[in-house]
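Right, one structure below, let's go through it.
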Amino acid sequence: MWFTEHYQNDIKFSIEVQEHIYSEKSNYQQIDFYKNKTFGTFFTLDGFMMVTQKDEFIYHDMISHVPMAVNPNIKNVLIIGGGDGGTAREILRYKSISSVDMVEIDERVVRLCQKFLPQTASSLDDDFRLKIYFEDGLKFVQNSSSEQYDLILVDSTDPIGPGEGLFTYEFYNNCNRILTKEGILINQHESPYYEQDAYEMKRSHSKIKKTFPIAKVYQFHMPTYASGHWLFGFASKKYDPIKDLKSNLWNNLNLQTKYYNTDLHIGAFMLPTYVKQQLESNY
Ligand code: AG3
């Protein structure tokens, strides 16, 4: 038996299923957990790969450590989505962080990851700094008061389904409003490679660059996402992700990471020409 993700009509990716651990249709989406010999336990939402045990460190390193190395004074963090807990796990490694609000629309994702994917979700069990809200992220930011977060991490699905509202002007404007003057927004930014993903990437970047004075994109290699080439957005009112990188401060923290390092931090913002061109186009 194989799990297959359709990248586009003529291209698909398959991974052999040793065991179909669990399947459920929640109020929001289809949730499945599987096991593969090489990648370990993995889970999918509406047929899209979310997390595998073998490569999740890449995604979670890059969403968390890039902003933390630019502003080591980050104290109050908002995570939108991220129900598997991987992003919270990395962020909570910083002793300097005083509060993390995590807003996940689908409680079932959290509960099932706690059961089947403790590698990421055990971080959600018992840290007094973490509060989990089972709410729609768009509504949550609309109802949040201004200038209260130093960092917002948007760990979302694609803009089809429950994640759709997280790719709108309305969402980005509210993020801007609830971030402090030092604030940084990191968002799941799709991929430049296949047409549909590239379309969403361009649309999202064109909105973010109209909302924030600084809007950059950085890349990483994700073996189990379409094409393996994936992006995060870095937006801020104040910080440039390269000029303001605090390499020494970050390295002195002595955090052990498997993917992120401060050399790679700079390299990740150096984009291939075709990607730069796509991001310059207006949508
Ligand atoms: N968040 C989903 C990233 C996008 C996946 N898209 C896709 N496979 N087409 C991953 C959650 C990790 N915390």
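The values are calculated or read from the model by the stated rules, or taken from the named source; none is laboratory data. Quick caveat: nothing in here was measured; it's all calculated off a predicted structure. Methodologically, a virtual Cβ is constructed for each residue, glycine included, from the backbone with ideal geometry; neighbour enumeration extends over all protein chains shown. Just the protein is used for accessible areas: all its heavy atoms, side chains included, with ligands, DNA and RNA removed. Shrake-Rupley method; radii C 1.70, N 1.55, O 1.52, S 1.80 Å.
Here are the numbers for the structure shown:
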| quantity | calculated |
| --- | --- |
| Share antiparallel - DSSP beta bridges, the chain, percent rounded to 5 | 65 |
| Estimated vicinal HN-Hα couplings, Hz - segment 30-44 in sequence order (Karplus 6.51, -1.76, 1.60; Gly, Pro = x) | 7, 10, 9, 10, 9, 10, 10, 4, 7, 8, x, 6, 9, 10, 10 |
| Percentage, to the nearest whole number, of Cα pairs in segment 1-153 over 24 Å apart | 37 |
| Most mobile of Asp125, Asp55, Asp197 in a GNM of the chain (Cα contacts under 10 Å) | Asp125 |
| Accessible surface of the chain, 1.4 Å probe, proportion on carbon and sulfur as whole % | 49 |
| Gaussian network model of the chain, Cα within-10 Å springs - most flexible of Glu195, Glu135, Glu170 | Glu195 |
| Normalised contact order of the chain, rounded percent, pairs of Cα under 8 Å and 6 or more residues apart | 16 |
| Dipole magnitude (debye, nearest 20) for segment 1-158, charges at Cβ of Lys, Arg, Asp, Glu | 380 |
| Gaussian network model of the chain, springs between alpha carbon atoms under 10 Å - residue of Asp240, Asp158, Asp126 with greatest fluctuation | Asp126 |
| Estimated dipole of the chain in Debye, rounded to 20 [Cβ of Lys and Arg +1, of Asp and Glu -1, Cα centre] | 860 |
| Taking N as its residue count, the alpha carbon Rg of segment 56-280 over 2.2 N^0.38 Å | 0.93 |
| Charge dipole magnitude, Cβ of K and R +1, D and E -1 - segment 2-52, Cα centre, debye nearest 20 | 100 |
| Positive dipole terminus of the chain, leading residue within Pro241, Ile105, Gly163 (C-beta point charges) | Pro241 |
| Principal axis dimensions, largest first and in whole angstrom, of segment 2-52 by Cα | 31, 26, 15 |
| Global geometry of segment 169-273, whether rounded, prolate or oblate, following the gyration tensor of its Cα atoms and the 1.5 cut on a/c | oblate |
| Distant-in-sequence amide H partners of Leu151 (H built 1.01 Å from N, under 5 Å) | Asn76, Leu78, Ile184 |
